[in-house]
1. May I ask you to verify whether A:Met87 is touching a residue at least 24 places away in the same chain (Cβ under 8 Å), within 10 Å of chain B (Cβ to nearest Cβ) and open to solvent by less than 20 Å² (accessible area, probe 1.4 Å)?
2. If B:Thr160 satisfies all but one of (1) closer than 26 Å to A:Glu153 by Cβ; (2) out of contact with any helix residue (DSSP H, G or I) (no Cβ under 7 Å at 6 or more places or on another chain); (3) more than 9 Å from every other protein chain (Cβ to nearest Cβ); (4) surrounded by fewer than 22 Cβ atoms within 10 Å (Cβ to Cβ), what's the number of the condition it fails?
3. Check whether at least one residue in segment B:119-135 is of a type in the set (Gly, Ala, Ser), open to solvent by 20 Å² or more (accessible area, probe 1.4 Å) and out of contact with any strand residue (DSSP E or B) (no Cβ under 9 Å at 6 or more places or on another chain), and report yes or no.
4. Go through segment B:33-84 and give me each residue that's touching a residue at least 60 places away in the same chain (Cβ under 8 Å), in a helix (DSSP H, G or I) and open to solvent by 40 Å² or more (accessible area, probe 1.4 Å).
5. Suppose the filter is acidic (Asp, Glu), within 14 Å of the chain's Cα centre (by Cα) and open to solvent by 10 Å² or more (accessible area, probe 1.4 Å); does B:Glu111 pass it?
6. Could you please find all residues in segment A:93-108 being open to solvent by less than 10 Å² (accessible area, probe 1.4 Å) and among the hydrophobic types (A, V, I, L, M, F, W, C)?
7. Restricting attention to segment A:113-133, report how many residues are more than 7 Å from chain B (Cβ to nearest Cβ) and aliphatic (A, V, I, L, M).
8. Of all the residues that make up segment A:43-80, how many are β-branched (Val, Ile, Thr), under 15 Å from the mean Cα position of the chain (by Cα) and away from every other protein chain (no Cβ under 12 Å)?
There are 2 protein chains.
Amino acid sequence: MSGTCAPVSVDYINPFLNAAVNVFRTMAACELKRGKPYLADGTHPTHEISGVIGLSGKAIGTVVLSLGEPVALKVTEAMLGEAPTEMNGDVVDTIGELTNMIAGSAKAQLEHLAMSLSLPSVIMGRNHRVAFPGDIQPIAIPFESAWGPVCVEVGLREQTP
Amino acid sequence: MSGTCAPVSVDYINPFLNAAVNVFRTMAACELKRGKPYLADGTHPTHEISGVIGLSGKAIGTVVLSLGEPVALKVTEAMLGEAPTEMNGDVVDTIGELTNMIAGSAKAQLEHLAMSLSLPSVIMGRNHRVAFPGDIQPIAIPFESAWGPVCVEVGLREQTP
């Protein structure tokens, strides 16, 4: 494997942090209050639902948007105008779309990396964990919202030319 | 959202099917016996561990390699020459790398789609489910091996130019 083993630089974290705040504010009128970013070592369970999307270009990466069921339901209601009563297809689509928007907004701020997005997938299950390859040190950015906690994890590796 | 809503065509499934068989054979001396592919609607729990990787180019997609703990441990032993006793970093790296190789081999067979890979991530947790956006109909390809079942799920959407 090639590339750096250092944690994702702050220069690369801020675009994802800003993207999450802006997307939640714009799409769901939900204010995210950021906590202290930390190295995500994959040993912590994430929240019950995680949107996962890949990035590739001059860097390759993965973004994980992780949130609990109450936040997922509330955010879906805010975006679709109707309250889902369970974790149905609407919730999956909403979380997939939010993940897509956050990664898309961050990628636009990181234009020099010329990255494109993959298709989002959505993982559901209590106590699931998301781990990255050992040579990547993903950063987790925790947020608080009125509906509960939200977390954005970013793993990114610049490609050696 | 743009693009087709049809299930992933057989033309796009065979490269992933062949890739999985070849990668398991070459890397782990493990013969995969293919079952009948089916539409994955995201309601079935996957196996305990899932490697997820994104693809982007003229099509965008996601590949999920899902397998149970016994297969994950055996395949790690076969690839690293040492038996892990638990789901540790070696297992995560091995499943991430296998997912990367399967997607990489399939992408080479789908050269006209000019896709590149994202970083793999690895999901762990009993009863986790992987769902795709509602306008994607991912195909699941189930396999049997001497060590237990393995499944490859592929969701792919051609980009409208």
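The values are calculated or read from the model by the stated rules, or taken from the named source; none is laboratory data. Every value quoted in this text rests on a predicted model; they were computed, and no experiment measured them. Using ideal geometry, Cβ is built from the backbone for each residue, glycine included, and neighbour counts are taken over all protein chains shown. With ligands, DNA and RNA removed, areas are computed over all heavy atoms of the protein, side chains included. Shrake-Rupley method; radii C 1.70, N 1.55, O 1.52, S 1.80 Å.
1. Considered against the rule, which asks whether it is touching a residue at least 24 places away in the same chain (Cβ under 8 Å), within 10 Å of chain B (Cβ to nearest Cβ) and open to solvent by less than 20 Å² (accessible area, probe 1.4 Å), A:Met87 comes out as no.
2. Condition (1) is where B:Thr160 drops out.
3. Of the residues in segment B:119-135, the ones of a type in the set (Gly, Ala, Ser) are B:121, B:125, B:131, B:134.
Filter once more, so that each one left must be open to solvent by 20 Å² or more (accessible area, probe 1.4 Å): B:134.
Right, trim to out of contact with any strand residue (DSSP E or B) (no Cβ under 9 Å at 6 or more places or on another chain) and you get B:134.
Checked against the condition, which is being of a type in the set (Gly, Ala, Ser), open to solvent by 20 Å² or more (accessible area, probe 1.4 Å) and out of contact with any strand residue (DSSP E or B) (no Cβ under 9 Å at 6 or more places or on another chain), segment B:119-135 yields at least one hit.
4. B:Pro70, B:Lys74
5. no
6. Listed by number, the residues that qualify are A:Ile95, A:Leu98, A:Ile102, A:Ala103, A:Ala106.
7. Of all residues in segment A:113-133, those more than 7 Å from chain B (Cβ to nearest Cβ) come to A:113-115, A:126.
In the following step, the residues that additionally are aliphatic (A, V, I, L, M) were identified as A:113-115.
Matching residues across segment A:113-133 total 3.
8. 2
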